[in-house]
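So the structure is just underneath, and the comments pick up after that.
The values are calculated or read from the model by the stated rules, or taken from the named source; none is laboratory data. All values derive from a computational prediction rather than experimental measurement. Cβ: placed from backbone, ideal geometry, glycine included. Neighbour counts: every protein chain shown. The protein model used for the area step is the full one, side chains on, heavy atoms only, and it has no ligands, DNA or RNA in it. Shrake-Rupley method; radii C 1.70, N 1.55, O 1.52, S 1.80 Å.
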Amino acid sequence: AHRAMRSENVAAVLAAGGPTDRKVTSKPKFQIGETVYTRHAENRFVSGGHTRLPQYAERSFGTIVAHRGAHVLPDSNAHGLGEAPEHLYSVALLAKDLFEHPEHPEDEVILDLWESYLKGADDVKA
């Protein structure tokens, strides 16, 4: 049901955000504990490109630690190309694999990454 909103409440509602979870018919491609490889975010260099894959985490191996369901893909939605929902995973990456001189090399950085950002480790050419 649609309810009218008072103008003084608009800023607070927008700041709170909205739910981004969506239903999809596809099954998750990756399982908890599986090793994955992060892709190169090609659209980062396109004028107005948008991605939630941090540049420092591109082309790195990590481990799936959680499946978060399917969510709106911001890369598509930010450009008015539709929500294009995808499975979202929490991926643990080791500091030593991300940074040249990490103070604590075995520390994990955990990122929430969409399925299209990832490849199976077996799909990576040596």
- Message: Per-residue counts of other Cβ atoms within 10 Å, averaged by peptide: what ranking do you get for 108-120, 21-33, highest first?
- Response: 108-120, 21-33
- When the dipole is taken about the Cα centre of segment 66-126, and only Lys, Arg (+1) and Asp, Glu (-1) are charged at their Cβ, what size is it in debye, to the nearest 20? 200
- Query: Between Val65 and residues 5 or more places away or on another chain, which pairs have amide H atoms under 5 Å apart, with H built 1.01 Å from N, and which residues are they?
  - Reply: Gly33, Ser90, Val91, Ala92
- State, to one decimal in nm, how far the label point of Arg68 lies from the label point of Glu106, with both points 7 Å from Cα in the Cβ direction. 2.7
- Give the ranking of Val65, Val124 by solvent-accessible surface, highest area first, calculated with a 1.4 Å probe. Val65, Val124
